[in-house]
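Below is one structure, written out as structure tokens; comments come after it.
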Amino acid sequence: MLAEDLPHGTIRFGCQLLSVELDHFTNFPTLLLSDGRKLKAKILIGCDGASSVVAEFLKIKPKKVFPACAVRALTYYPNSHGFAPEFVRTHGNNAVCGRSIINENLVFWFILLPGYPQDSELESDIFKNPERIKQMALEKTSSFPKETIEMIKDCDMTSLSLTHLWYRPAWEILLGTFRKGTVTVAGDSMHVMGPFLGQGGSAAMEDAIALARCLAHKIHGEIGLEGKEGPRKEVEEAMELYVKERRMRLVRLSAQAYVTGLMLGSASMIRKLLLLALIIVLFQDPLHHTRYDCGRL
Ligand SMILES: Cc1cc2nc3c(=O)[nH]c(=O)nc-3n(C[C@H](O)[C@H](O)[C@H](O)COP(=O)(O)OP(=O)(O)OC[C@H]3O[C@@H](n4cnc5c(N)ncnc54)[C@H](O)[C@@H]3O)c2cc1C
């Protein structure tokens, strides 16, 4: 199959990326797609989530599994839910429920279940069984407010899922290589973290702004595929700046999300208090991360 199969500027929707390789002549990335075709790219920004093919190409170490699971779903309220437009987190029975409204009728929610499921037989069955996921969610939240229980009972079964939680350790973000040539990563592919601070998606948006700003400042004009220097060099410099700008912000966020996850999942009160003390020592103000300003475009 020839790389010229897809002309430059072609957009492919609903097509999986299988692998990435560098073109020997131009050193630009070539993408192998699931429909068998190849696509030559001038710039490749991998925002393909926690199981990123682009991260694999960059030889970023594989993500790690956090000892917790999360149930996620949407609930539709035909006559409006009446909730205030705020993110609400409820704790109890060693579980955490988060609720965020999407519009007047639609609500997104999740339940974090520390250490669950540990049993491999249970694992293989329950992940594909929405009825069992719902039943488990209801058991875990039986002591929660009535509106939470109703929200779970009335959820859209097609949106219901149980997922493992993944993370990239902070030291791997500190030391990782997030750029090769004109290829880089953003979002979960770069820094997947447990949702204990609710910052993964926000950090992905910060990445997008920082990367767009770095590229806009450095690139003026067309990027030639054939050129070894010129615009290509500027793209590489822009991506390097982007990685540099994001690194320490992401190291801190990932470390804080990890320790917060350990604290929330801890059954022992002494361990909880020790981890809380560690958070205060390391991060002083536990809400400091919410006041981060990623700048303007
Ligand atoms: C339970 C839970 C609660 C959360 N709560 C919050 C919260 O309150 N606030 C917050 O900011 N964040 C939250 N997050 C984190 C947030 O969901 C993620 O950080 C965010 O979705 C990352 O966005 P992304 O675009 O990098 O990756 P994704 O959202 O995973 O998107 C990746 C996309 O790439 C596509 N893709 C993957 N592989 C390929 C391939 N090979 N080829 C082509 N396409 C591919 C996928 O289909 C997908 O569309 C939560 C996460 C969980 C699990």
Test: Thr158 is part of a helix (DSSP H, G or I) and more than 12 Å from the ligand (Cβ to nearest atom):
yes
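Does Phe127 satisfy the criteria of being within 16 Å of the ligand (Cβ to nearest atom), surrounded by fewer than 20 Cβ atoms within 10 Å (Cβ to Cβ) and more than 25 Å from the chain's Cα centre (by Cα)?
Working: within 16 Å of the ligand (Cβ to nearest atom): yes; surrounded by fewer than 20 Cβ atoms within 10 Å (Cβ to Cβ): yes; more than 25 Å from the chain's Cα centre (by Cα): no.
In short, no.
Just checking, which of Ala50, Ala84, Ala73, Ala95 is within 18 Å of the chain's Cα centre (by Cα) and not assigned by TED's automatic domain parsing to the domain that holds Ser189?
Details: Ala50 fails: not assigned by TED's automatic domain parsing to the domain that holds Ser189; Ala84 fails: within 18 Å of the chain's Cα centre (by Cα); Ala95 fails: within 18 Å of the chain's Cα centre (by Cα).
Going through Ala50, Ala84, Ala73, Ala95 in turn, the sole match is Ala73.
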Contact list please: Cβ distance under 6 Å, first residue in the range 61-78 and more than 14 Å from the ligand (Cβ to nearest atom), second residue assigned to a strand (DSSP E or B) and not charged (D, E, K, R), pairs at least six apart or on different chains.
Lys64/Tyr167; Thr75/Val107; Thr75/Cys155; Tyr76/Leu106
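I'd like the full set of residues that are in a loop (DSSP other than H, G, I, E, B), in contact with a strand residue (DSSP E or B) (Cβ under 7 Å, 6 or more places away or on another chain) and within 14 Å of the ligand (Cβ to nearest atom), limited to the range 21-40. Lay out the reasoning, then the answer.
Of the range 21-40, the ones in a loop (DSSP other than H, G, I, E, B) are 23-28, 34-37.
Remaining after also requiring in contact with a strand residue (DSSP E or B) (Cβ under 7 Å, 6 or more places away or on another chain): 23, 28, 34, 37.
Ser34, Arg37 - these are the residues of the range 21-40 that are in a loop (DSSP other than H, G, I, E, B), in contact with a strand residue (DSSP E or B) (Cβ under 7 Å, 6 or more places away or on another chain) and within 14 Å of the ligand (Cβ to nearest atom).
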Quick one: how many residues across the range 133-176 are surrounded by fewer than 13 Cβ atoms within 10 Å (Cβ to Cβ), within 19 Å of Ile60 (Cβ to Cβ) and of a type in the set (A, V, I, L, M)?
1
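Kindly evaluate Phe110 against the criterion of being within 12 Å of the ligand (Cβ to nearest atom), in the same structural domain as Ile173 (by TED's automatic domain parsing) and buried (at least 19 other Cβ atoms within 10 Å of the Cβ). Full working, then the answer.
On the way: within 12 Å of the ligand (Cβ to nearest atom): yes; in the same structural domain as Ile173 (by TED's automatic domain parsing): no; buried (at least 19 other Cβ atoms within 10 Å of the Cβ): yes.
Criteria not met by Phe110.
The values are calculated or read from the model by the stated rules, or taken from the named source; none is laboratory data. Source: prediction; values computed, not measured. Reconstructed Cβ throughout: ideal geometry from the backbone, glycine too, with neighbour counts over all protein chains shown.
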